[in-house]
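Notes for the one structure printed next.
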Amino acid sequence: MSRSCIECKKRIAGRADKKFCSTECRSAHNNRLNSAANNLVRRVNAVLRRNRRILKQLNPSGKTKISQNRLSQEGFNFNYFTNTYTTKAGKTYFFCYDQGYLALGNDQFALVERQEYVS
Ligand SMILES: [Zn+2]
């Protein structure tokens, strides 16, 4: 059975479990996989940081109400958050790091700032 290098597709001689023709091809392949994963992490981190910055900007006092429109206008992305916190009453706050929001209905949101870390 003939095998070929995962990276450059050249035929491989030698051990049956070899996947690459050379160490250069091995590291080229691994670098490409790593940079794709790193790019994803960077993009998600950028969204989370922007979300946090928007919440912080709109909530200088640490507690306020705001419309969904205003958040969207600022470029807030509701798909990304770092964690949630559900109260005993069953209300779920969504957090981007220390900055959180709670949907109040009627397109209104309560913004809160968390002082201490809650897991
Ligand atoms: Zn190769």
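No value in this document is a laboratory result; all are computed from the given coordinates. Bear in mind that the values here come from a model prediction, so they are computed numbers and not experimental data. A quick note on method: Cβ atoms are made from the backbone with ideal geometry, for glycine too, and the neighbour counts reach across all protein chains shown.
Side notes on the structure shown:
- Number of residues in the stretch 98-107 that are in contact (Cβ under 8 Å) with a residue 40 or more places away in the chain and either in a loop (DSSP other than H, G, I, E, B) or charged (D, E, K, R) (or both): the value is 2.
- Evaluating S2 against the criteria (1) under 21 Å from Q115 (Cβ atoms); (2) out of contact with any Cys (no Cβ under 8 Å at 6 or more places or on another chain); (3) of a type in the set (S, T, Y) leaves one unmet condition, (1).
- Single match in F20, F95, F78 (criterion: assigned to a loop (DSSP other than H, G, I, E, B) and under 18 Å from the mean Cα position of the chain (by Cα)): F78
- Top-ranked residue of the stretch 1-46 - restricted to ones that are in contact with a Lys or Arg (Cβ under 8 Å, 6 or more places away or on another chain) and loosely packed, with under 12 Cβ neighbours inside 10 Å, ranked as farthest from F81 (Cα to Cα): S2
- Counting only residues that are surrounded by 11 or more Cβ atoms within 10 Å (Cβ to Cβ) and not in a helix (DSSP H, G or I), the stretch 47-75 holds 8 of them.
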